[in-house]
Amino acid sequence: MADNRKRCWEGMLHRCDNPNAHAYNRYGGRGIKVCERWRKFENFCNDMGSRPQGFTIERRNNNKGYSPENCHWASRKEQSNNTRTNRRITYNGKTLTISQWAEQTGLSHCRINRRLEAGWSVSRALTEPAIHRRLITYKGLTLGLSQWSRRLNMSADLIRSRLNRGHSAEQAFTDKRYKRREA
């Protein structure tokens, strides 16, 4: 069986050294280099050790190159929290990405992001409980508004508007005059 580190090592060299590589502008093009020691596959393997299934190489500091001091094997989840494009938020002395705060608080990352974009303080955005969505029961099935919208191929705004005007769920869902057209 081929060494599962070889492809990783080749990809690292390719994105740092080859100006024609798809990702070169994010690596070699901005000065990310592979240390001289790791130009030899054997040294890379000795320093990194075996590669756990599903893990890829990660640079701890994204502004530094590939070297034994700056790299380790990481899961996709760990890597997604260590990108330059992530928005990091500090609250109570702890700095995490929005996705990490979402995990900690039980709020969705979209909700936290929307709150911050709307000008909420970090404290309020992370601690104010989510308003529970509107649940609608129809023919024995209870779903949220957006779920009904997708299921019935109807605009969520139209359903919300009908319910707010006092229509029953059946009336809101069965009037097909404004149903979305199939694409």
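The values are calculated or read from the model by the stated rules, or taken from the named source; none is laboratory data. Because the structure is predicted, anything quoted here is derived from the model rather than measured. With ideal geometry, Cβ positions are generated from the backbone for all residues, glycine too; neighbour counts draw on all protein chains shown.
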Criterion violated by A118 - all others in (1) surrounded by fewer than 14 Cβ atoms within 10 Å (Cβ to Cβ); (2) within 30 Å of K64 (Cα to Cα) satisfied: (2)
Residue list for the stretch 23-49, restricted to those being without any contact (Cβ under 8 Å) to a residue 12 or more places away in the chain, more than 20 Å from N82 (Cα to Cα) and not basic (K, R): E36, E42, N43, N46
Whichever residue in the stretch 25-68 is acidic (D, E) and exposed (fewer than 11 other Cβ atoms within 10 Å of the Cβ) and, among such residues, is nearest to T97 (Cα to Cα): E36
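Tell me, which helices (runs of 4 or more DSSP H) wholly within the stretch 73-120 include 3 or more residues that are closer than 27 Å to G54 by Cα? Step through it out loud before you land on a result.
On the way: elements: 76-80, 98-105, 109-117.
Those helices (runs of 4 or more DSSP H) span 76-80, 98-105.
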Candidates S99, S161, S75 - the one that is without any contact (Cβ under 8 Å) to a residue 60 or more places away in the chain, in the same structural domain as R59 (by TED's automatic domain parsing) and not aliphatic (A, V, I, L, M): S75
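Restricting attention to the stretch 121-148, and to residues there that are assigned to a strand (DSSP E or B) and free of Cβ contacts under 8 Å to residues at least 24 places away in the same chain, which single residue is farthest from W101 (Cα to Cα)?
From the stretch 121-148, those assigned to a strand (DSSP E or B) are 135-138, 141-144; that's our starting set.
In the following step, the residues that additionally are free of Cβ contacts under 8 Å to residues at least 24 places away in the same chain were identified as 135, 141-144.
Values: L135: 26, L141: 32, T142: 29, L143: 27, G144: 24 Å.
Checked the stretch 121-148; the qualifying residue farthest from W101 (Cα to Cα) is L141.
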Residues being within 13 Å of P68 (Cβ to Cβ) and of a type outside the set (D, E, K, R) - total across the stretch 13-47: 7
Out of N4, N20, sole residue that is of a type outside the set (F, W, Y) and either without any contact (Cβ under 8 Å) to a residue 40 or more places away in the chain or in a strand (DSSP E or B) (or both): N20
Condition broken by P68, with the remaining ones in (1) under 18 Å from R5 (Cα atoms); (2) part of a loop (DSSP other than H, G, I, E, B); (3) touching a His at 6+ places or on another chain (Cβ under 7 Å) satisfied: (3)
Residue within the stretch 44-55 that is in a loop (DSSP other than H, G, I, E, B) and under 30 Å from V122 (Cβ atoms) present: no
